[in-house]
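Peer 1: If you scroll down you'll find the structure; I have some questions about it.
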Number of protein chains: 2
Amino acid sequence: MEELKPSPANSSSLTPLGFLERAAAVYGDCPSVIYNTTTYTWSQTHRRCLQLASSISSIGIQRGQVVSVFAPNVPAMYELHFAVPMAGAVLNNINIRLDPPTVSKLLLHSESKLIFVDIMSLSLVRDAIWLFPPTVTSPPLLVLIEDDGFSRINSFSAVDVVDTYEGLVSKGDMNFEWARPRTDWDPFVLNYTSGTTSSPKGVVHCHRGAFIVTVCSLIDWFVPKQAVYLWTLPMFHANGWSFPWGMAAIGGTNICLRKFDPSTVYDLIKRHEVTHMCGAPVILNMLSNTPREPLENPVQILTGGAPPPAPVLTRMESLGFRVTHEYGLTETGGISVFCAWKPQWDHLSVTERARLKARQGVRTIGLTDADVVDPESGVSVKRDGSTMGEIVLRGGCVMLGYLKDPEGTNKCMREDGWFYTGDVAVMHSDGYMEIKDRSKDVIISGGENISSVDIESVLYTHPAVNEAAVVGRPDEYWGETPCAFVSLMAAGDDGIAREREIIEYCKSRLPKFMVPKTVVIIQHLPKSAVGKIQKSVLRDMAKALRPGHSRIISPL
Amino acid sequence: MEELKPSPANSSSLTPLGFLERAAAVYGDCPSVIYNTTTYTWSQTHRRCLQLASSISSIGIQRGQVVSVFAPNVPAMYELHFAVPMAGAVLNNINIRLDPPTVSKLLLHSESKLIFVDIMSLSLVRDAIWLFPPTVTSPPLLVLIEDDGFSRINSFSAVDVVDTYEGLVSKGDMNFEWARPRTDWDPFVLNYTSGTTSSPKGVVHCHRGAFIVTVCSLIDWFVPKQAVYLWTLPMFHANGWSFPWGMAAIGGTNICLRKFDPSTVYDLIKRHEVTHMCGAPVILNMLSNTPREPLENPVQILTGGAPPPAPVLTRMESLGFRVTHEYGLTETGGISVFCAWKPQWDHLSVTERARLKARQGVRTIGLTDADVVDPESGVSVKRDGSTMGEIVLRGGCVMLGYLKDPEGTNKCMREDGWFYTGDVAVMHSDGYMEIKDRSKDVIISGGENISSVDIESVLYTHPAVNEAAVVGRPDEYWGETPCAFVSLMAAGDDGIAREREIIEYCKSRLPKFMVPKTVVIIQHLPKSAVGKIQKSVLRDMAKALRPGHSRIISPL
């Protein structure tokens, strides 16, 4: 059979871009995108994307060049997920909550040639470009995404803005021959990870990877034909976990949303009969804390980034949400592990269901393999639910690598064929994995690996604690000892007495070696632009503590 | 970005085989396969397939060698869809309705090393091997698939049978390291097309193609988690259109069925709460002709091979079936074009719905492109619903090629990057295609292309006609003229008067150039082993007609 080789008829590259053309053929008259008073059909979205891709090409953007986008979940953001790669360019969404110095660094690193910028992010982008070194003689061109909800600004006439978004759409050719990928491995998107520590890394995914994660996420989450999807998850987070392309595959309706707000979300669910949405647990928390009548129809909600806490799960379910827990990384282009629900779990108690749902789960059908291994030996850990190891993944949805960072790429994509996630987990006897920590956040004390998440879980049950984070504090004898930083519910409650009381509280609930030796009460925990607690800052603070003393040397 | 290349972590080959391991992890305790009084769980199926793969390896089957299977839809047939390729071998299902000379030819052509044979096909396979030329010194080994429903036969002890199926399962190692494909393009299955004319062709598909058609068929047909699938479609027909692997991806239940029988099917639907099934229109016809109470719950039924006739559709829907029409070929590994249903069509009349549903439709999300083109110029036909052209397809589910037939492969997989299907169709204005004929069945009369299907449709409406087939009859003046062969409802109804009356009937319903110049009444239309009308035989018969006469020279 060796003579049978791939040929043009069977080896055209996998890509999710073709789903758009098919959606136009099948669901041409059905709503594709709804935003405030604007509704597009799939025919219109298809035509608009072709026109936009044509204009991006006309501007002079070449195959493989980077086009950046700064936008919330407005229709333009959705369309750009097709139009930019249909012009042959690489789509680079940038988190609109970053600061100008970071944005400046990302734009330079990506060598972005063109930037689509939402009207509300224009000053951020201008400030970022203003920070470019003088050696950069041709900064990227700007295209302004206007919004009927905001008055048009004169800045459009400024020299740095080449056109408006709608200007490009209207000038484009709807018969544009879009740039199909030449191989499965052609770069498709570039996403910078919001690293809590080191400088951000540019994750590059190819067309094949995006195709795999898109179709497999639809199957694993069982998204039906013409689902109504509410965009509560920012598309600039790992391309909205691939669902911009997935909605085209099933002819769904995208309900756009500029800004998350629980009341607005409930109104949109009711008005558009929303069936599906995604969001981090904080979104679930906010929704479940907003008093409401239960939903008329159940809404599927997919959550990831951290396990949903049991009380939040219970409240969400009583409101009529059906919560699915997944785990993914920017490096896997979206979902890579699913807490696939077993029918027999339906009959368990609420607490037990929450415990099971807090586990990350099993690989999606798009991954070839997933495991928890000893990061030194690469050997699988015991399936005992307690031995910690690193989550490793293998399969088509793993990134091509980090842009301009072969060292970083080789560090996580090793010769043994695994992608090392840096997440520390245990493997349960049923083959479901559960995250315990980021590997760099594991505290090694007297040779014992301590999960900071386990200590934090106990701290969160203390009634006075608002937020808590635990890091390792250098210790001559133990190597490291757990050091807890906590903020309290009530101001003025701090003091040595409270710190000691928290330590006592942990003593009665944790093994001795896991009890924080130090508790530091601070007003606010340091956070990154996307709201992640910055453990690297806390580690520096822990190092700076005076020996034998738990108080911070310099006030925050 | 050129430095970012595929690496082991992201380039493991696409294959549907991994779905089995995942089904065991998620749905381990749920039923995978049910047959009579036997029920397996996904854990058991996973284990049994590993054991069987291990035994196939132990027998000495090497990577890339062919293993043939002769079986109806029994559990062994399902398991072999995983076990054979997990041993690294190429799965070759052979239609159990073929005759020994054909089977002999296929076994020799495929160089099959091992044959799994159902107890009811043992004499067929033995007869076929007996026909091998004496130069073949080592014929394939046989493994007998027994069935509790049949008494065990002594022939098992015969020298040519190496073991029973259950013997191999029980001897195997459940910790067998299954043979993962080394590339996306490794051969996976070999299926011989039941050609109505020339010698059968061996269609080879690779792992990547099978992965794509499997996941995309699940999405396009919207098969939900844990569907209950009744095996009315033979798995030896293009691997049951990929659903053996698809059921593992969604943790469904396979209801096995040795022989199609309407009453049994209705009983199984009720007993197992069947949700999904597939079958040719003849299956729909038989089901709809069996008087029944409507189904308690709707059953999705996918049909292909020919458009379902309107009255059958109406009866099926009133019984509670939801019919979806698809189009595929052995060469596309299953479904390639779907009559994707538009929500606005729900409100049309029964006749109009049937007309729309009879169209083959639009490409699946797994195909890159599909079109109807002029086969000479390769240019798309007008989207007018009347200009005929050939259906061409492009995408990952198109076969690698025909085994040992580079000429045949190159003829249909052309340099312009299309796979030419040989099916003649029109393209409607909405982008849905509709088949008019096989290209070799088109009649060219006086320069006009005539679809034999269009004439046959009219003939079928004649109350006296049972079956009808139209071919071209050589004609000095016109080149060809349409020649109709019909069998009648009532015997003894034939005669010149009836033939003339049928021609008159057509005259009032067809354009003049399409009216059959000749009508030949015969008792039975010649059919292939799978029940397809053999137009090649009819063409020979048409050639043999005496000039100016419509009667057959030699009786059938």
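The values are calculated or read from the model by the stated rules, or taken from the named source; none is laboratory data. All values reported here derive from a predicted model rather than from experimental measurement. In this analysis, Cβ positions are derived from the backbone assuming ideal geometry, glycine residues included, and neighbour counts consider all displayed protein chains. Keep in mind that these areas ignore ligands, DNA and RNA; they rest on the heavy atoms of the full protein, side chains included. Shrake-Rupley method; radii C 1.70, N 1.55, O 1.52, S 1.80 Å.
Peer 1: Six or more apart or on different chains, Cβ under 7 Å: which pairs go from a residue in region B:116-144 that's under 16 Å from B:V74 (Cβ atoms) to one that's of a type in the set (D, E)? Could you list them?
Peer 2: Here the result reads B:I119/B:E146; B:I119/B:D147; B:V143/B:D163, each pair linking region B:116-144 to a residue that is of a type in the set (D, E).
Peer 1: Using the structure shown, decide if B:S170 is outside the structural domain of B:V323 (by the TED database) and either at pLDDT below 95 or on the phi > 0 side of the Ramachandran plot (or both). Break it down stepwise before answering.
Peer 2: Numbers: outside the structural domain of B:V323 (by the TED database): yes; either at pLDDT below 95 or on the phi > 0 side of the Ramachandran plot (or both): no.
When the stated conditions are applied, B:S170 does not pass them.
Peer 1: From B:S445, B:S429, B:S439, grab the single residue that is within 14 Å of chain A (Cβ to nearest Cβ) and of a type in the set (S, T, N, Q). First the steps, then the outcome.
Peer 2: Numbers: B:S445 fails: within 14 Å of chain A (Cβ to nearest Cβ); B:S439 fails: within 14 Å of chain A (Cβ to nearest Cβ).
Answer to the selection: B:S429.
Okay, residues lined up against (1) under 19 Å from the mean Cα position of the chain (by Cα); (2) part of a strand (DSSP E or B):
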residue: A:W341; (1), (2): no, no
residue: A:D369; (1), (2): no, yes
residue: A:L393; (1), (2): yes, yes
residue: A:V398; (1), (2): yes, no
residue: A:E407; (1), (2): no, no
residue: A:V426; (1), (2): no, yes
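Peer 1: If you check B:T364 against the conditions, is it closer than 22 Å to B:A210 by Cβ and β-branched (V, I, T)? Talk me through it step by step, then tell me what you get.
Peer 2: Values: closer than 22 Å to B:A210 by Cβ: yes; β-branched (V, I, T): yes.
Yes, satisfied.
Peer 1: Pairs under 8 Å by beta carbon, first residue within 19 Å of B:F222 (Cβ to Cβ) and more than 7 Å from every other protein chain (Cβ to nearest Cβ) in region A:208-221, partner open to solvent by 10 Å² or more (accessible area, probe 1.4 Å) and part of a helix (DSSP H, G or I), six or more apart or different chains?
Peer 2: From residues that are within 19 Å of B:F222 (Cβ to Cβ) and more than 7 Å from every other protein chain (Cβ to nearest Cβ), the pairs are A:S217/A:W241.
Peer 1: Only residues that are more than 21 Å from B:D118 (Cα to Cα) and open to solvent by less than 10 Å² (accessible area, probe 1.4 Å): list them for region B:246-258, please.
Peer 2: Of the residues in region B:246-258, the ones more than 21 Å from B:D118 (Cα to Cα) are B:246-253.
B:G246, B:M247, B:A248, B:A249, B:I250, B:G251, B:G252, listed by residue number.
Peer 1: Mind listing just one residue for me: the one in region B:400-415 that is under 9 Å from A:A9 (Cβ atoms) and within 8 Å of another protein chain (Cβ to nearest Cβ) and, of those, most open to solvent (accessible area, probe 1.4 Å)?
Peer 2: Here is the first cut: in region B:400-415, the residues under 9 Å from A:A9 (Cβ atoms) are B:412-414.
Right, trim to within 8 Å of another protein chain (Cβ to nearest Cβ) and you get B:413-414.
Details: B:M413: 18, B:R414: 80 Å².
This residue is B:R414.
Peer 1: OK, next. Determine whether B:V26 is among the β-branched types (V, I, T), more than 26 Å from the chain's Cα centre (by Cα) and either more than 14 Å from chain A (Cβ to nearest Cβ) or part of a helix (DSSP H, G or I) (or both). Spell out the reasoning first.
Peer 2: Details: among the β-branched types (V, I, T): yes; more than 26 Å from the chain's Cα centre (by Cα): yes; either more than 14 Å from chain A (Cβ to nearest Cβ) or part of a helix (DSSP H, G or I) (or both): yes.
Against the criterion (among the β-branched types (V, I, T), more than 26 Å from the chain's Cα centre (by Cα) and either more than 14 Å from chain A (Cβ to nearest Cβ) or part of a helix (DSSP H, G or I) (or both)), B:V26 qualifies.
Peer 1: In region B:80-105, how many residues are open to solvent by less than 10 Å² (accessible area, probe 1.4 Å), of a type outside the set (V, I, T) and assigned to a helix (DSSP H, G or I)?
Peer 2: Number of matching residues: 7.
Peer 1: Can you tell me which residue in region B:106-117 is most open to solvent (accessible area, probe 1.4 Å), limited to those that are in contact with a strand residue (DSSP E or B) (Cβ under 8 Å, 6 or more places away or on another chain) and not in a strand (DSSP E or B)? Walk me through it before giving the result.
Peer 2: At the first step, the residues of region B:106-117 found to be in contact with a strand residue (DSSP E or B) (Cβ under 8 Å, 6 or more places away or on another chain) are B:106-107, B:109-117.
From what is left, the residues that are not in a strand (DSSP E or B) are B:106-107, B:109-113.
Values: B:L106: 8, B:L107: 5, B:H109: 59, B:S110: 7, B:E111: 99, B:S112: 10, B:K113: 79 Å².
Ranking the candidates gives B:E111 first.
Peer 1: Further question: Can you tell me which residue is most open to solvent (accessible area, probe 1.4 Å) among those in region B:428-455 that are touching a Lys or Arg at 6+ places or on another chain (Cβ under 6 Å) and either part of a loop (DSSP other than H, G, I, E, B) or β-branched (V, I, T) (or both)?
Peer 2: Taking region B:428-455 as the starting set, the residues that turn out to be touching a Lys or Arg at 6+ places or on another chain (Cβ under 6 Å) are B:429, B:432, B:434, B:441, B:451, B:453.
Then drop every residue that is not either part of a loop (DSSP other than H, G, I, E, B) or β-branched (V, I, T) (or both), which leaves B:429, B:432, B:451, B:453.
Numbers: B:S429: 97, B:Y432: 0, B:S451: 2, B:V453: 52 Å².
The qualifying residue most open to solvent (accessible area, probe 1.4 Å) is B:S429.
Peer 1: I'd like the full set of residues that are free of Cβ contacts under 8 Å to residues at least 40 places away in the same chain and within 7 Å of chain B (Cβ to nearest Cβ), limited to region A:6-23.
Peer 2: First, pick out the residues of region A:6-23 that are free of Cβ contacts under 8 Å to residues at least 40 places away in the same chain: A:6-11, A:18, A:21.
A:P6, A:S7, A:P8, A:A9, A:N10, A:G18, listed by residue number.
Peer 1: Specify the residue that is nearest to the other protein chains (Cβ to nearest Cβ); the eligible residues are those in region B:324-352 that are closer than 25 Å to B:P262 by Cα and either among the polar types (S, T, N, Q) or surrounded by fewer than 21 Cβ atoms within 10 Å (Cβ to Cβ) (or both). Let's see the steps before the verdict.
Peer 2: To start, the set of residues in region B:324-352 that are closer than 25 Å to B:P262 by Cα comprises B:324-328, B:334-335, B:350.
Checking the rest, the ones that are also either among the polar types (S, T, N, Q) or surrounded by fewer than 21 Cβ atoms within 10 Å (Cβ to Cβ) (or both) come to B:324, B:350.
Numbers: B:T324: 11, B:V350: 22 Å.
Applying the filter and picking the extreme gives B:T324.
Peer 1: Okay, next question. List the strands (runs of 3 or more DSSP E) inside region B:243-308, counting only whole elements, that have at least 2 residues being touching a Gly at 6+ places or on another chain (Cβ under 9 Å).
Peer 2: Fully inside region B:243-308 and qualifying: B:276-279, B:299-303.
Peer 1: How many of the residues making up region B:49-71 are closer than 22 Å to B:T38 by Cα and either hydrophobic (A, V, I, L, M, F, W, C) or open to solvent by less than 10 Å² (accessible area, probe 1.4 Å) (or both)?
Peer 2: We begin by selecting, within region B:49-71, every residue closer than 22 Å to B:T38 by Cα; these are B:49-53, B:69-71.
This time we only want the ones that are either hydrophobic (A, V, I, L, M, F, W, C) or open to solvent by less than 10 Å² (accessible area, probe 1.4 Å) (or both), so: B:49-50, B:52-53, B:69-71.
Number satisfying all stated conditions: 7.
Peer 1: Might you check whether a residue that is without any contact (Cβ under 8 Å) to a residue 12 or more places away in the chain and outside the structural domain of B:L98 (by the TED database) occurs anywhere in region B:484-497?
Peer 2: Pass one, region B:484-497, residues without any contact (Cβ under 8 Å) to a residue 12 or more places away in the chain: B:492, B:497.
Those still in the list that are outside the structural domain of B:L98 (by the TED database) too: B:492, B:497.
Checked against the condition, which is being without any contact (Cβ under 8 Å) to a residue 12 or more places away in the chain and outside the structural domain of B:L98 (by the TED database), region B:484-497 yields at least one hit.
Peer 1: May I ask you to verify whether A:E79 is charged (D, E, K, R) and away from chain B (no Cβ under 14 Å)? Break it down stepwise before answering.
Peer 2: Details: charged (D, E, K, R): yes; away from chain B (no Cβ under 14 Å): yes.
Against the criterion (charged (D, E, K, R) and away from chain B (no Cβ under 14 Å)), A:E79 qualifies.
Peer 1: Residue check: is B:V228 farther than 29 Å from B:M120 by Cβ and not charged (D, E, K, R)?
Peer 2: Details: farther than 29 Å from B:M120 by Cβ: no; not charged (D, E, K, R): yes.
No; evaluated as a whole, the condition is false for this residue.
Peer 1: Would you be able to say whether some residue in region A:30-44 is facing chain B (nearest Cβ under 9 Å), out of contact with any Leu (no Cβ under 6 Å at 6 or more places or on another chain) and touching a residue at least 40 places away in the same chain (Cβ under 8 Å)? Spell out how you get there, then give the answer.
Peer 2: Taking region A:30-44 and keeping what is facing chain B (nearest Cβ under 9 Å), we get A:30.
Going one step further and asking which of them are out of contact with any Leu (no Cβ under 6 Å at 6 or more places or on another chain), we end up with A:30.
This time we only want the ones that are touching a residue at least 40 places away in the same chain (Cβ under 8 Å), so: A:30.
Yes: region A:30-44 contains one or more residues that are facing chain B (nearest Cβ under 9 Å), out of contact with any Leu (no Cβ under 6 Å at 6 or more places or on another chain) and touching a residue at least 40 places away in the same chain (Cβ under 8 Å).
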